[in-house]
Amino acid sequence: MKKYTILLISTAFIATAVAAASTPQLMIGFGSEAPNTIWYGINTVFTGDWQQYGALFTSLQAGLFSRLFLLVLTLIPAVFLIHYILIGPKRFSHDGSDILFFPLVSRLIHWLAAISFSLLVITGLMVIFGRLLGGGSPLMAARIVHLVSALLFSGTAVCMFLIWLKDMLPMPHDILWLFIMGGYLSKKKKPVPAAKFNAGQKMWFWLATVGGGAMAYTGWYLYTFQATTDMLRIYAIIHNFLGAALVALFLTHLYMSLFAISGSLRSMISGYKPREEVEILHSRYHRL
Amino acid sequence: MARMKFLCDIERCIDCSGCVVACKEGNHIPVGVNRRRVITLNQGKPGEKSISVACMHCADAPCIAVCPVDAIYQRDDGIVLVSKKTCIGCGYCFMACPFGAPQFPAGQTFGARGAMDKCTFCAGGPEETFSAEERKLYGQNRIAEGKVPLCAAMCATKALMAGDADVVADVYRKRVFERGTGANAWGWDKAYKRE
């Protein structure tokens, strides 16, 4: 009888052991992997690859961006001030006949773009130098103005792109224009190689339209936040660098239209340029 | 000066989300804003682990470095706080944060982001302590009352600890020692049976 009891117990014991052995799942996670594997899993969910774009964005935004914009805002006006003092504005005779340069529609589009773009620059700089303004609701409002003017500018940028695309295509003589810096480094009135628009204007055109498109695209995601965190970081970096380039050429455009060529502003109001100015600055214009 | 820190013991966290609910209810957090969240890895499998994470109140915090209006600041006890009246909702802190802590409730105009909201370690904000305004903008100021944050106080398994870093670390160290996870020396897990 005792024998049978031992046999029964040992059979039950072996059966239990076999059952336990057939469930190796329970053993997973015990000793089969490195003890810190779980930390990598948590890192993946929470911090991602922060060292890649997170650290890059943090270091750029913590110092470089505001310094870059400060440099653009001080260096470029300083260079133009020196240019204005040493070389001075170009003056052309307004006695001769005038040449139609900007028809009404393109002038209208230009001024809509000018207003919205100026607002974009001002509100953008307000955010970048926000700590000087103390933050709060005025800057919150600036962000809204930035959004509304961005929507307006996007529309006008498309129009400008279509209106001026043909005249803005790069030409071989643009290289010559760049070599002599458009003749702005001398006081002499010598015809410079340029058709309706010179190489400088073309640079501004392509940066404002194509670059403006990139600004709109990245800005839209920075506004809606409908992208992965890493993409937001990349968009913010692009938006800031491209913004600095746009502000630089915006200041150049302001200087050229307001100071460097006397009476240049009037051509965008009336649409006409004096014949002498076109003969010198746009010597290859087909309507000359 | 004590340095305030959070510590979530993943051997104890059971994904009950009590901390999340306590934080949201106790501080009247708007819908869509999560100052604290719990994630679970290997859910339903052996080796399942959960962890509760909010703002870590980092030393040399990236959010403070990138804020264009200096709205974020750090107290002497290490707690990182935001001034909601200064914040402009630009979202840079969210991009800089490794833990996804900064949250943005929808603002009033065009659905633009409002001022940033994040874990305050239940220490209120820059407004006057215990004022109605502080409570409305930031929630409770339990640190000034001498209490631990709501999430840690609520935690049923005491997985989530908050307080003076030295004390928290001591408790955790003692737990790790008592649990006896072994020497964790290379090869031991393969060569020997787990004691």
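Assorted remarks:
- Options B:GLY78, B:GLY125; residue that is away from chain A (no Cβ under 11 Å), assigned to a loop (DSSP other than H, G, I, E, B) and in contact with an Asp or Glu (Cβ under 6 Å, 6 or more places away or on another chain): B:GLY125
- Restricting the range A:223-237 to residues that are surrounded by 17 or more Cβ atoms within 10 Å (Cβ to Cβ) and of a type outside the set (Gly, Ala, Ser), the residue that is nearest to A:ILE175 (Cα to Cα) is A:ILE237.
- Among the residues listed as A:SER118, A:SER106, A:SER59, the single one being away from chain B (no Cβ under 14 Å), small (Gly, Ala, Ser) and loosely packed, with under 15 Cβ neighbours inside 10 Å: A:SER118
- Every condition in (1) open to solvent by less than 60 Å² (accessible area, probe 1.4 Å); (2) closer than 23 Å to A:THR209 by Cα; (3) outside any helix (DSSP H, G or I); (4) not hydrophobic (A, V, I, L, M, F, W, C) holds for A:ASP174 except the one numbered (3).
- Output for the range A:206-222, where each listed residue is touching a residue at least 40 places away in the same chain (Cβ under 8 Å) and crowded, with 19+ Cβ neighbours inside 10 Å: A:ALA208, A:THR209, A:GLY212, A:MET215, A:GLY219
- B:CYS58 falls short on exactly one of the conditions (1) more than 12 Å from chain A (Cβ to nearest Cβ); (2) open to solvent by 20 Å² or more (accessible area, probe 1.4 Å); (3) within 22 Å of A:GLY54 (Cα to Cα), and that condition is (1).
- For the criterion of being under 20 Å from A:PRO274 (Cα atoms), hydroxyl-bearing (Ser, Thr, Tyr) and part of a helix (DSSP H, G or I), A:SER106 passes.
- The requirement of being open to solvent by less than 50 Å² (accessible area, probe 1.4 Å) and either modelled with pLDDT under 85 or not in a loop (DSSP other than H, G, I, E, B) (or both) is satisfied by A:ILE42.
- The single condition among (1) within 30 Å of B:ARG113 (Cα to Cα); (2) more than 12 Å from chain A (Cβ to nearest Cβ); (3) over 13 Å from the mean Cα position of the chain (by Cα); (4) among the aliphatic types (A, V, I, L, M) that B:VAL66 does not satisfy is (2).
Listed here are the residues, each with its yes/no results for (1) of a type outside the set (S, T, N, Q); (2) more than 14 Å from chain A (Cβ to nearest Cβ).
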position	(1), (2)
B:PHE104	yes, no
B:ARG113	yes, no
B:SER131	no, yes
B:GLU134	yes, yes
B:LYS147	yes, yes
B:LEU150	yes, yes
B:LEU160	yes, yes
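- For B:LYS84, the criteria (1) within 24 Å of B:GLU133 (Cβ to Cβ); (2) in contact (Cβ under 8 Å) with a residue 60 or more places away in the chain hold in every case but one, which is (2).
- When B:LEU41 is tested against (1) more than 13 Å from chain A (Cβ to nearest Cβ); (2) closer than 25 Å to B:LYS158 by Cβ; (3) open to solvent by less than 40 Å² (accessible area, probe 1.4 Å); (4) not hydroxyl-bearing (Ser, Thr, Tyr), only condition (1) is not met.
The values are calculated or read from the model by the stated rules, or taken from the named source; none is laboratory data. Just so we're clear, the structure is a prediction, and the values are computed from it rather than from any experiment. Note: ideal-geometry Cβ built from the backbone for every residue, glycine included; neighbour counts use all protein chains shown. SASA here: full protein model, heavy atoms, side chains in, ligands and nucleic acids out. Shrake-Rupley method; radii C 1.70, N 1.55, O 1.52, S 1.80 Å.
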